[in-house]
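Accompanying notes for the structure given below.
The values are calculated or read from the model by the stated rules, or taken from the named source; none is laboratory data. Here the structure is a predicted model, which means the values were calculated and not measured. Here the Cβ positions follow ideal geometry from the backbone for every residue, glycine too, while neighbour counts run over all protein chains shown.
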Amino acid sequence: MSSIINLSCYKFAPLDELESRKVELLALCKEHSVKGTILLAPEGINFFIAGTREQLDVVVGVLRGIPGLADIKPKESPSSKRPFKRMLVKVKKEIIAFGVEGVNPALKPSPKISAQQLMQWLDEGRPLTLLDTRNEYEVRMGTFTGAVPIGVMNFREFPAAVRQLPEHLKSQPVVMFCTGGIRCEKAGPFMEMEGFTNILQLDGGILKYFEEVGGKHYDGECFVFDERVGVGADLKETPSVLCFNCQMPLSRADQRHSAYVVEKTCPYCVNGKTNGKGSAKQAGCE
């Protein structure tokens, strides 16, 4: 069993002294050979880091000492090697780019539903709409059975896509989900601003669902924004890869396609450049 652990976590909480914290955290992570990305913003923190248990404990301990971050609970997954080549700490305007004024998850979050409760509701066949808020190339790798994809290539397209949803959904139960939950933290309040009255977000996203209840009601794998590309319901790395040319995630079936040539083309760009992961430009998007 590999000793490398991947941690992912976000927290919406007012943060200050961002530049000094950036310098301190970068030095700390380098000192303890931790690699990945930490995003800091006035609205909170979002991080994806990898290392041994001992290395990560030091970094998480320091993060919990920052006012507002004492209760962070990172999600864990194993890997055979560190899926990051370097350590980055960045100060951003937002920890997840959205660009809509008035959306403040720290002050006004949408209600959440746990993985166990969602599985129970799906077992019971409750009438609800599962709304996949992720990018199209992520949805293609796997999603919940019967889920409705929002139909975007970048999260900044989400507001416009919401306004195209059927009017009747505004009064019906909608459970939204994404990879780790962070996109739904902003998507939910925005949908409430748009008149949706029964919005729930899957707490911890797909990764937490896998961790707590496995892959029941889920088809395929979950795309992740690091060198693993995808993880299965057991949270272990899948054989999926990124196309060298267009950065589109490719499943094992895609890699068997005649258009797939290593470091040249794939079924999605053989007739011209297409929009893959590289078009998102959202490091550590969850």
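Inspect the range 105-112 for any residue being at pLDDT 95 or above and surrounded by fewer than 12 Cβ atoms within 10 Å (Cβ to Cβ) and give the result as yes or no.
The answer is yes; a qualifying residue exists.
Looking only at the range 26-42, count how many residues are in a loop (DSSP other than H, G, I, E, B) and surrounded by fewer than 13 Cβ atoms within 10 Å (Cβ to Cβ). Walk me through how you get there before you give the answer.
First, pick out the residues of the range 26-42 that are in a loop (DSSP other than H, G, I, E, B): 32-34, 42.
Applying the additional criterion that residues be surrounded by fewer than 13 Cβ atoms within 10 Å (Cβ to Cβ) yields 33.
So the count comes out to 1.
Only residues in the range 176-193 that are outside the structural domain of Leu207 (by TED's automatic domain parsing) and without any contact (Cβ under 8 Å) to a residue 12 or more places away in the chain count as the first member; pair them with residues that are surrounded by 24 or more Cβ atoms within 10 Å (Cβ to Cβ) and of a type outside the set (Phe, Trp, Tyr), Cβ under 9 angstrom, at least 6 apart or cross-chain, and list the lot.
none
Given the residues Gly180, Gly215, which is the only one that is in a loop (DSSP other than H, G, I, E, B), touching a Lys or Arg at 6+ places or on another chain (Cβ under 9 Å) and not hydroxyl-bearing (Ser, Thr, Tyr)?
Details: Gly215 fails: touching a Lys or Arg at 6+ places or on another chain (Cβ under 9 Å).
Unique residue meeting the criteria: Gly180.
With (1) on the phi > 0 side of the Ramachandran plot; (2) in contact with a helix residue (DSSP H, G or I) (Cβ under 6 Å, 6 or more places away or on another chain) as the list, and Gly44 as the residue in question, which single condition is left unmet?
Of (1) on the phi > 0 side of the Ramachandran plot; (2) in contact with a helix residue (DSSP H, G or I) (Cβ under 6 Å, 6 or more places away or on another chain), only one is false for Gly44: (2).
Looking at Ala187, Ala233 in this structure, which one is in contact with a strand residue (DSSP E or B) (Cβ under 9 Å, 6 or more places away or on another chain), part of a loop (DSSP other than H, G, I, E, B) and among the small types (Gly, Ala, Ser)? Lay out the reasoning, then the answer.
Details: Ala187 fails: part of a loop (DSSP other than H, G, I, E, B).
Just a single option satisfies the conditions, and that option is Ala233.
I'd like to check which strands (runs of 3 or more DSSP E) are fully inside the range 43-134 and have at least 2 residues that are of a type in the set (A, V, I, L, M) and in contact (Cβ under 8 Å) with a residue 40 or more places away in the chain. Full working, then the answer.
Details: elements: 44-51, 75-79, 87-91, 129-132.
Of the strands (runs of 3 or more DSSP E) lying wholly inside the range 43-134, those with at least 2 residues that are of a type in the set (A, V, I, L, M) and in contact (Cβ under 8 Å) with a residue 40 or more places away in the chain span 44-51, 87-91, 129-132.
Residues to consider are Ala115, Ala41; find the one that is in contact with an Asp or Glu (Cβ under 7 Å, 6 or more places away or on another chain), within 30 Å of Glu19 (Cβ to Cβ) and modelled with pLDDT of 95 or more. Full working, then the answer.
Numbers: Ala115 fails: within 30 Å of Glu19 (Cβ to Cβ).
So the residue among Ala115, Ala41 that is in contact with an Asp or Glu (Cβ under 7 Å, 6 or more places away or on another chain), within 30 Å of Glu19 (Cβ to Cβ) and modelled with pLDDT of 95 or more is Ala41.
Given the conditions (1) without any contact (Cβ under 8 Å) to a residue 60 or more places away in the chain; (2) part of a helix (DSSP H, G or I); (3) more than 14 Å from the chain's Cα centre (by Cα), and given that Phe210 satisfies all but one, which numbered condition is not satisfied?
(3)
So Val23 ticks every box in (1) buried (at least 16 other Cβ atoms within 10 Å of the Cβ); (2) over 17 Å from the mean Cα position of the chain (by Cα) but one. Which box is left unticked?
The single condition Val23 does not satisfy is (1).
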